[in-house]
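Since the structure comes first, as structure tokens, the remarks are kept for the end.
Each value in this text was obtained by applying a stated rule to the coordinates, not by laboratory testing. Everything numeric in this text was worked out from a predicted model, so none of it was measured. Using ideal geometry, Cβ is built from the backbone for each residue, glycine included, and neighbour counts are taken over all protein chains shown.
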Amino acid sequence: MLRYIARRLIGMAVVLLITGAVTYVIFYWMPSDPARLSCGKPCTPETLHQVRAYMGLNQPIWEQYWHFLEGLVGGRSFGIGQAAAQCPAPCLGYSFHQSMPVRTMIGTAFPVTVSITVGAAALWLVFGVATGMISAVKRGTWWDRGATLLSLTGVATPTYLVGLLGILLLGFQWRLVPVNGYANFTDGIGPWASHLILPWAVLAFVNAAVYARLTRSQLLEVFGEDYITTARAKGLPERIVIGKHSLRAALTPIATMFGMDIGLLLGGAIITEKVFSMQGLGYLLLQGVGQLDLPVVVGVTLFSAFFVVAANLLVDILYGYLDPRVSLA
Amino acid sequence: MSLSPELSLRKDDPEPFLQVTDLAVDFATADGSVRAVDGLNFTLERGRTLGLVGESGSGKSVTSLAVMGLLRPDSTTAGNARTSGEIRLNGEELLSAPARRIRELRGRTMSMIFQDPLSALHPYYSVGAQIAEAYRVHHKGSRKAAKERAAELLGRVGIPRPRERADDFPHQFSGGMRQRVMIAMALVNDPELLIADEPTTALDVTVQAQILELIADVQQEFGSAAILITHDLGVVAGTVDDVVIMYAGRTMETAPVDRLFAAPQHPYTWGLLGSTPRLDGDRRKRLAPIPGSPPNLLEPAAGCPFAPRCVFTDRVEGDACATDRPAALPACHLAPDDRDALRPSSRKAAS
Amino acid sequence: MPESATVPEPAKVPPGAEEAPAPLSPWRRALRQLVHDRAALVSTALIALLVIMAVAAPLLVKLEGQDPYTYHIGLLNQANGSGPKGILGGMSGAHWFGVEPLTGRDMFALVVYGAQTSLLVGLASTAVSIIIGAVVGTAAAFFGGWLDAVIGRTADVFLAFPGMIFMIALGIVVPQAFPRWLLLVIVIGFFGWPGFARIIRGQALSLVRREFVDAARTLGAGPGHIIFRELMPNLMAPIIVFSAISIPQRIGTEAALSFLGVGVPAPTPDWGRTISDATDWVQTDLMYLLFPGGALFLAVLAFTVLGDSLRDALDPRTRR
């Protein structure tokens, strides 16, 4: 088990290294020159050269990446002397646009994304699985049809559309919740939650639809299994046959998807953040893209990749626990 | 529908332990309604074993599910069966009994051993937990007592180191050992009726005999009645008291096992016997499979369902085999004398 | 494949299959099931309508007498910040879906032309994924060994990759001269291959183990011959099912990227971007949001429902 985790951690590091390298190559070899963008006007060749050297862009690409990795471990600084910009370890790059380390920006943005993700995930898991269960158990009834219709609507409606309509109805029309912005958890749980209710509900609705469909189809498959007949043949009440034996068997793929989704969202709930004007990681990324602030783009991409890769590993380990037939070796 | 004399009741008999009367099961499918069991009758007494024999699709497994109440709409999430007729256990009618009552009986008074233990055991729970669960549904008592009971049963069915192996998962057992686990689970509440649905089909030939012996042993020990479902007359030979031969959901003939082997009455039974390998048979003799394939249940035959595959239809006057359903058992239009004349002797059965 | 030309055509049907009374072929059976599936019929009709809308967009718009590029400033109300005059977003006989705030462009034209972008990116990117996935997946199954391992790990990396974030990031480095729709097709298609490769590899693996592939191999057929002549026909069903399931997701991704401002740029009509533009007008001009939003919703819904039906009809595991 420990050996498995160790091996997977190494694999994870390799994946991240490759991701970083690919990101670097793509972003710093492309025609848009970050130095020219930061150079200002008029941009004389001398200034451009100075800016290049300051940003570390005068070195070959692999050397730049090496310095990036060094910075990740030991921190780095840009420029020399008094004017040098400090980027302490782990340095994910330095935004010359904002004059601050990317890590600092991520540090402010991440709690927002976490708040959105965790609340929404809890909601959609509960409602999605419950809806799917009702649908599967009452297959063919009006319950099933209603739930299927609702989940199809959720699957087919883009998050931002649900979000905009939510803002319109709950925010503007009925004035139930604040329409945008974010309050820190430290400002009190009330304001925090009230700002988050709408994003939670929107994200949960869209995702719950997917989970309801998955739960339903998984359960229907499990219902046909012999061991479900066995459970009934033992004299177990339906409540246990469905709630324990069936759900337990259907759970593995649901848990897998849940882990991956959380990993993906922690890397930036891009659309939700945009719709509700919340300054999380996704906002940071979009802002970086808009301002052509490459270090921010690269830093956020790598940070997101880390969560996805980590979620992948956790899901695989979880799989080993959930399915005794899978041996982690 | 009359029963063969050996299995029928006289009016003054006390109520039999299990009595199935005119059992019929229909399944609604996308292509139409399918009658999987059609007018089945049998009785079974305590301590006796009944063999239900037929090819796949003959309705024998559906019969066992019907007896266990596993086709009822309140206890299925997969099927859509309609059951009619009567199933009486200790005089109590089961088809019309409330769901609660059926649940009480299931696993305690009647229990079932399934064909493929790998798919019939839950892959995510340890075998000990699954057996203990079966015990705890019907018995008050501590978790520990149930666990103890599970280990005890695992030992009884011949699993070495039962206490440790109780924590293992089904996939960690061999096929034969898994079937022993299944048997232990079926026995955990001392059932009065034990139904074994093709209990050896999924197993290696070498293990089959051991499992059959084990089932016979525990049945003796527990004094329960048993139904053994199989497609293999060879399995029936040494294990059961009475046999019901089924084809296309209908009973072809019923007889005590000795009589069935000595003087089988139905051409279908002759075919089954001819296609069953026998240890004491002539080794040069080739097995003769029954020509043709089982009928399509979507289009039930008006007459004898076996007629299309039967080579003796020309011995019956007119086209009774194709048009008339045989009224009595054995369900065959051949005259008794003809049957005696045509019956292949077990020695020179097939050509 | 020159060597395959001299090879006798290996039997496609296992021996004995011809004698049996021909059962309904899987395709006929699936078709029969689909014809009786009302949801499948409705969604197919809806998709057909969308395709017609996209293909015949110029005609439809000409029928209305408008185009998606002309500004109609005169139809805007300066008093409320240049929203459309009249009710329901300025709907009228001349402008069936009203006009766009700020520009006064015809909404009907924008929605109809938007279908072009959505369908083009959705279908073409799926085609890209299928081509990559089919080649890579069958190669992995057929050659096995280290190639299979490398492909498997690469697919893992791709599946475990914040594709959306990468696509957004990519928007900034690719020169603006490069056509955006083509970039979207390539990028969405490229990130979508592992799903196809996985499914196709699994199917191909089970086919590779079947005798008729052995038979073809014994007869000296080259790997290319086996992959394209023997395996591909058997892979049609799973590929169709998975395509139908992934097309709506791709349409959604395209719209999302455009919504985020990194997709198709103005003035090319695009549902996602129009929805994004409508964000500031939800209170004053709801129609501005509802027309492109409704179109996108219906497109994704239709493809999703059809995907479900196709899976039920073609995937034997879900057939009950």
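Tabulated values for the structure
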{"read-out": "Long-range amide H partners of B:Tyr247 with built H, under 5 Å", "value": "B:Met252"}
{"read-out": "At R0 = 30 Å, FRET efficiency that the Cβ-Cβ distance of B:Asp31 and B:Ala99 yields, to 0.05", "value": "0.50"}
{"read-out": "With Cα atoms, 0 to 90° folded angle of helix A:45-55 axis to chain A main axis", "value": "50 degrees"}
{"read-out": "Rounded, prolate or oblate (a/c below 1.5 giving rounded, otherwise prolate when a/b exceeds b/c) for chain B by Cα gyration tensor", "value": "prolate"}
{"read-out": "Phi to ³J(HN,Hα) by Karplus 6.51 cos²θ - 1.76 cosθ + 1.60 over segment A:92-103, Hz, x for Gly, Pro", "value": "9, x, 10, 8, 6, 5, 9, 6, 7, x, 4, 4"}
{"read-out": "Average other protein chain Cβ within 10 Å of Cβ, residues B:115-125", "value": "5"}
{"read-out": "Rounded to 10°, Cα long-axis angle of helix A:294-322 versus longest principal axis of chain A", "value": "30 degrees"}
{"read-out": "Among B:Gly85, B:Gly155, B:Gly141, residue whose mean-square fluctuation peaks in a GNM of chain B (springs only between Cα atoms under 10 Å)", "value": "B:Gly141"}
{"read-out": "Protection-proxy order for peptides B:214-223, B:44-53, each taking the mean of Cβ atoms within 10 Å per residue, highest first", "value": "B:44-53, B:214-223"}
{"read-out": "Prolate/oblate/rounded label for segment A:243-329 (Cα gyration tensor, a/c 1.5)", "value": "oblate"}
{"read-out": "Isotropic mean projected area of the C-alpha convex hull, the protein assembly as shown (nm²)", "value": "53.6 nm²"}
{"read-out": "Order by protection proxy (mean Cβ within 10 Å, highest first), peptides C:278-289, C:66-77", "value": "C:278-289, C:66-77"}
{"read-out": "31 Å Cα-Cα threshold exceeded, pairs from A:Lys138/B:Lys144; A:Lys234/B:Lys144; A:Lys274/C:Lys62; A:Lys274/C:Lys85", "value": "A:Lys138/B:Lys144; A:Lys274/C:Lys62"}
{"read-out": "Span from the segment B:238-257 Cα centroid across to the segment B:98-160 one, whole angstrom", "value": "29 Å"}
{"read-out": "3J(HN,Hα) from dihedral phi, segment C:248-257, Karplus parametrisation 6.51/-1.76/1.60, rounded to Hz, x for glycine, proline", "value": "x, 5, 6, 4, x, 4, 4, 4, 5, 4"}
{"read-out": "Mean projected area in nm² (Cα convex hull; one quarter of hull surface) for chain A", "value": "22.3 nm²"}
{"read-out": "Test item: B:183-191 mean partner chain Cβ contacts at 10 Å", "value": "1"}
{"read-out": "Table column - 3J(HN,Hα) (Hz), segment B:106-116, Karplus curve with 6.51, -1.76, 1.60, x for Gly and Pro", "value": "4, x, 9, 7, 10, 9, 9, 10, 8, 5, 10"}
{"read-out": "Span from the segment C:116-136 Cα centroid across to the segment A:273-329 one, whole angstrom", "value": "25 Å"}
{"read-out": "Segment A:62-197 shape via C-alpha gyration tensor axes, a/c threshold 1.5", "value": "prolate"}
{"read-out": "DSSP-defined antiparallel bridges as percent of all bridges, the protein assembly as shown, nearest 5", "value": "65 percent"}
{"read-out": "Cα-based Rg of segment A:106-282 normalised by 2.2 N^0.38 Å, two decimals", "value": "1.17"}
{"read-out": "Charge dipole of segment A:106-282 about the Cα centre (unit charges at C-beta), most positive-ward option of A:Leu247, A:His195, A:Gly107", "value": "A:Leu247"}
{"read-out": "Euclidean distance between Cα centres, segment C:89-113 to segment B:175-232, Å", "value": "75 Å"}
{"read-out": "For the protein assembly as shown, size of Cβ-based charge dipole, Lys and Arg +1, Asp and Glu -1, in debye", "value": "1360 debye"}
